Amino acid sequence: MTNLVTYEDASEEVRTVYDDIKRARKIDRVSNFWMAIANHPPTLRRTWESLKEIMADGALDIRIKEMIYLAISINNGCEYCRASHGASARKAGMTEEMFGELMAVVAMANETNKLAEGYGVPVDDALA
C-alpha cells in the first residue's frame, strides 16, 4: 500500500494543491487518492489541474461527466474510482434509474464491442 501524504506531513507545494482541491470542492480534507499521488508532487499537480479543467461544466454538464467517469471506472474495475465517481454522480443528480440505464449501456457496449472485435467486423464505408 502506498504511503498517504497527510496535510501535516506535506511539503508547501503539496499543501498548495491540497488547499486548491479543498477550496474547489468545498471540502475539509482531501481524499486518499490525492494523498497517495502526492508522493510525486508533479503528478499531483498535473492530475489536479487536468481534472479541474476537464470536469468543469462545458458542453457536457457535471452530472453527465461524472456518469461517464463512473462507467469507465466500472469498466476498468477500479473500485476506488467507482466509489468516488458514483458518489459524485449521485451528488450531481444521478438517480438510481439513471444508474440502471448507465449500467445497461456499459454492459451492452462491452458485449457488442467484444462481438465486433471477435468477428473482426470491418468498419462500414458510411461510418468512416
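Quick look at the values:
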quantity: Difference of contour (0.36 nm per residue) and Cα-Cα distance, L51 to A128; calculated: 24.6 nm
quantity: Kirkwood Rh in Å, taken over segment 58-121 so that all alpha-carbon pairs contribute; calculated: 12.4
quantity: Y7-I68 pseudo-label distance in nm [points 7 Å out on the Cα-to-Cβ vector]; calculated: 3.2
quantity: Stretch gain in nm, segment S31-D19, where the contour uses 0.36 nm per residue and the Cα spacing is subtracted; calculated: 3.1 nm
quantity: Neighbour-count ranking [beta-carbon atoms within 10 angstrom, fewest first] of S50, S84; calculated: S50, S84
quantity: Helix-only CD estimate at 222 nm, as mean residue ellipticity for the chain, using -39500 (n - 2.57) per DSSP H run (n ≥ 4); calculated: -22000 deg cm²/dmol
quantity: Proxy reagent accessibility, fewest Cβ within 10 Å first, across Y119, Y80; calculated: Y119, Y80
quantity: Between helix 41-54 and the chain: long-axis angle, C-alpha atoms, 0 to 90°, nearest 10; calculated: 50
quantity: Angle in degrees between helix 12-25 and the longest Cα principal axis of the chain, rounded to the nearest 10; calculated: 60
quantity: Likely footprinting exposure, M103, M35, M1, fewest C-beta neighbours within 10 Å first; calculated: M1, M103, M35
quantity: Hull shadow area, averaged, the chain [alpha-carbon convex hull, nm²]; calculated: 10.7
quantity: Principal-axis tilt of helix 79-91 within the chain, Cα atoms, nearest 10 degrees; calculated: 90
quantity: Magnitude of the charge dipole, segment 5-128, Cβ model with Lys/Arg +1 and Asp/Glu -1, debye to 20; calculated: 400
quantity: Computed lengthening from Y80 to E97, 0.36 nm per intervening residue step minus Cα-Cα distance; calculated: 3.9 nm
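Where a number appears in this text, it was derived from the coordinates with a stated rule and is not lab data. The model shown is predicted, which means the values in this text are computed figures rather than measured ones. Methodologically, a virtual Cβ is constructed for each residue, glycine included, from the backbone with ideal geometry; neighbour enumeration extends over all protein chains shown.
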